[in-house]
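Enquirer: Have a look at this one before I ask anything.
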Amino acid sequence: MNVLFDLDGTLTDPREGILACFKYALEKLQVNSPTDRTLERMIGPPLRESFTALLGVDDEERIDRAISLYRERFSLKGLYENALYPGISEALAQLREMGCSLFVATSKPQVFAQRIIDYFELGEFFRAVHGSELDGSNADKRDLLAHILRMESLSATGTVMIGDRAQDILAARANGMSSIGVLWG
C-alpha cells in the first residue's frame, strides 16, 4: 500500500505562519487584511488562487508581487511557525512498520515542504516529498498526484491520498485513487 499525505492541515498545523505571511504580503501591498477566519480558508489552495481571491483582481503582476512578498516572509520565518499534530510521528511509524510506502503530496512548493519535513524530523518516514514548483507547475493537486503516480511508478488502485481539503479528495478521485479525509486540519 502506498500512502500519500497532504502536509498543511494533515501532518502539520501551519495556521500561525501562513496567516502571518498573508497579512505581511497584504500590508506591503497596502491592502486591508480580511479576518483570520477568511484567511484560514486560504490554507491549502495554491497561492495564486488565494491571492486572486484576496486581491479581487486578475492582475498577474500584482498577484506575482503578492506571492513574492508572502514567500519572502515564509522562507525566513513562516515555515517554522508551524506545529506537528499530536500522534503524527507515531502514526507514520506504525504505517511504515506495516510495510506502507509513505509520500508527501502537497500543493506547497517542494523546496518549502522538504524544509518543513526536515524541521520536524519526519524525513525517515517518507520515500519522497512531492510538491509544486516555484513557477506554479503541479500546484493543482490533480496534476501533482498524476505526476507522483508517474514518477514513482505507483498503481492508482494501490495508493491512497490522505488530506484535509476537498482538493485532496477530488484529486485522488480524478486519478483513480482512494482517499481518506481528516477532520483536524
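The values are calculated or read from the model by the stated rules, or taken from the named source; none is laboratory data. Bear in mind the structure is a predicted one, so any value in this text is a computation, not a measurement. All Cβ positions, glycine included, derive from the backbone under ideal geometry; neighbour counts span all protein chains shown. Quick note on the areas: whole protein, heavy atoms, side chains included, nothing else; ligands and nucleic acids left out. Shrake-Rupley method; radii C 1.70, N 1.55, O 1.52, S 1.80 Å.
Enquirer: Considering the dipole of the chain built from charges on the beta carbon (Lys and Arg +1, Asp and Glu -1) around the Cα centre, which of W184, S75, F125 is farthest to its positive end?
Expert: Farthest along the dipole direction, towards plus: W184.
Enquirer: Another one. Which of the listed residues, T157, G136, L47, is farthest toward the dipole's positive end in the chain, when Lys, Arg count +1 and Asp, Glu count -1 at the beta-carbon?
Expert: The residue sitting farthest along the positive end of the dipole is T157.
Enquirer: Taking a ≥ b ≥ c as the square roots of the eigenvalues of the Cα gyration tensor of the range 80-185, is the shape rounded (a/c under 1.5), prolate (a/b larger than b/c) or oblate?
Expert: rounded
Enquirer: So, with +1 on the Cβ of K and R and -1 on the Cβ of D and E, and no other charges, what is the size of the charge dipole of the range 74-151 about its Cα centre, to the nearest 20 debye?
Expert: So the magnitude is around 160 debye.
Enquirer: Taking a probe of 1.4 Å, how large is the accessible area per residue of the chain, in Å²?
Expert: 50
Enquirer: Principal axes first, then extents: for the Cα atoms of the chain, list largest minus smallest coordinate on each axis, whole Å, largest first.
Expert: Result, largest extent first: 51, 30, 26 Å.
Enquirer: Here is a follow-up. Could you tell me how many degrees, from 0 to 90 and to the nearest 10, lie between the Cα long axis of helix 15-28 and the main elongation axis, the longest principal axis, of the Cα atoms of the chain?
Expert: Helix 15-28 sits at roughly 30 degrees to that axis.
Enquirer: Further question: Based on DSSP, what percent of beta bridges with both residues in the chain are antiparallel, to the nearest 5?
Expert: 10
Enquirer: Which lysines, if any, have their Cα less than 21 Å from the Cα of K108, not counting same-chain residues under 8 positions apart?
Expert: K23, K77, K141
Enquirer: Between R115 and S178, what FRET efficiency follows from the Cβ-Cβ distance if R0 is 30 Å, with the result rounded to 0.05?
Expert: 0.55
Enquirer: Once Rh for the range 141-185 is found with the Kirkwood sum over Cα pairs, what is the Stokes-Einstein diffusion coefficient at 10 °C and 1.306 mPa s, in µm²/s?
Expert: Taking Rh from Cα pairs, D becomes 154 µm²/s.
Enquirer: What shape does the range 82-128 take by its C-alpha gyration tensor, where a ≥ b ≥ c are the square roots of the eigenvalues and a/c under 1.5 counts as rounded, a/b above b/c as prolate, and the rest as oblate?
Expert: Since a/c reaches 1.5 but b/c is at least a/b, the shape of the range 82-128 is classed as oblate.
Enquirer: A follow-up question, please. Return a whole-number percent for the relative contact order of the range 137-185, with Cα pairs under 8 Å and 6 or more residues apart as the contact set.
Expert: Relative contact order, the range 137-185: 36 percent.
Enquirer: Taking the Cα centre as origin and putting +1 on Lys and Arg beta-carbons and -1 on Asp and Glu beta-carbons, what dipole magnitude results for the chain, to the nearest 20 debye?
Expert: The dipole magnitude comes to about 120 debye.
Enquirer: Relative contact order for the chain: what percent, with Cα pairs under 8 Å and sequence separation of 6 or more?
Expert: 29
Enquirer: Ignoring ligands, DNA and RNA, what percent of the 1.4 Å accessible area of the chain is carbon and sulfur?
Expert: 49
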